[in-house]
1. Can you tell me which condition GLY53 does not meet? The list is (1) of a type outside the set (D, E, K, R); (2) out of contact with any Phe, Trp or Tyr (no Cβ under 7 Å at 6 or more places or on another chain); (3) under 25 Å from ALA111 (Cβ atoms), and all the others hold.
2. Of everything in region 13-39, what is surrounded by 16 or more Cβ atoms within 10 Å (Cβ to Cβ) and free of Cβ contacts under 8 Å to residues at least 24 places away in the same chain? Give them in sequence order.
3. Considering every residue within region 24-42, establish whether at least one is more than 15 Å from the chain's Cα centre (by Cα) and on the phi > 0 side of the Ramachandran plot.
4. Assuming LEU57 fulfils every condition listed in (1) modelled with pLDDT of 90 or more; (2) over 22 Å from VAL118 (Cβ atoms); (3) surrounded by fewer than 14 Cβ atoms within 10 Å (Cβ to Cβ); (4) of a type in the set (A, V, I, L, M, F, W, C) apart from one, which condition is it?
5. If you check ALA102 against the conditions, is it more than 15 Å from LYS4 (Cβ to Cβ) and surrounded by 13 or more Cβ atoms within 10 Å (Cβ to Cβ)?
6. Is it the case that region 25-46 has a residue that's at pLDDT below 85 and outside any strand (DSSP E or B)?
7. When residues of region 100-145 are filtered for being of a type outside the set (Ser, Thr, Tyr) and not in a loop (DSSP other than H, G, I, E, B), how many remain?
8. Take the residues in region 61-92 that are under 16 Å from ALA111 (Cβ atoms) and modelled with pLDDT of 90 or more; name whichever of them is surrounded by the fewest Cβ atoms within 10 Å (Cβ to Cβ).
Amino acid sequence: MVFKATAYGRFGHSIDKGPGKATPLEYLRRIAASNEAFNESATIVGKFENENGSLGLIHAQDFIAQNPVGAFHATPEQLIKFLDSLGFFPSEGHFSKYEVWANADLGIEIADFHSGNVILNSEGVVVPIDIVVHKFDPTKGVDFF
């Protein structure tokens, strides 16, 4: 198990306000959308107060063992094959800065999906680790909140 804590009241990328300006609710929605899109099991396990008095959240997710042949980052071909297998396709999306992929059935789009933000696990399978996930249509897929 791996644990990650938010820092100093910051909750990552906000679709509306930009990088580093997400609210706690946006952070929770991104985790839920990522779980839905990639069949992950990240979950919030705690909260704390930062030194500056702001809220911090701790989430846990499965540890990912490195690929034994040493290949850590996926090739562009592996990334496209992975996204295609999950029903994602290139899209205009809500992110002007990044290439965007969408899954219309789930109502989810992802951005910042490149070899630096995924790893290959011990079986050579692509695992997203630091991408931007957005539920653009809450009427599709899982209605989490």
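1. Failed condition: (3).
2. Residues satisfying the conditions are SER14, ALA22, GLU26, ASN35.
3. No.
4. So the condition that LEU57 fails would be (3).
5. On the way: more than 15 Å from LYS4 (Cβ to Cβ): yes; surrounded by 13 or more Cβ atoms within 10 Å (Cβ to Cβ): yes.
So ALA102 fits the description; yes.
6. From region 25-46, those at pLDDT below 85 are none; that's our starting set.
No, there is no match, as no residue in region 25-46 is at pLDDT below 85 and outside any strand (DSSP E or B).
7. Pass one, region 100-145, residues of a type outside the set (Ser, Thr, Tyr): 100-114, 116-121, 123-138, 140-145.
Add one more test, that the residue is not in a loop (DSSP other than H, G, I, E, B), and what stays is 100-103, 108-111, 116-121, 126-128, 132-135.
Total meeting the criteria: 21.
8. This residue is PHE89.
The values are calculated or read from the model by the stated rules, or taken from the named source; none is laboratory data. All of these numbers come straight from a predicted model, not from anything done at the bench. Using ideal geometry, Cβ is built from the backbone for each residue, glycine included, and neighbour counts are taken over all protein chains shown.
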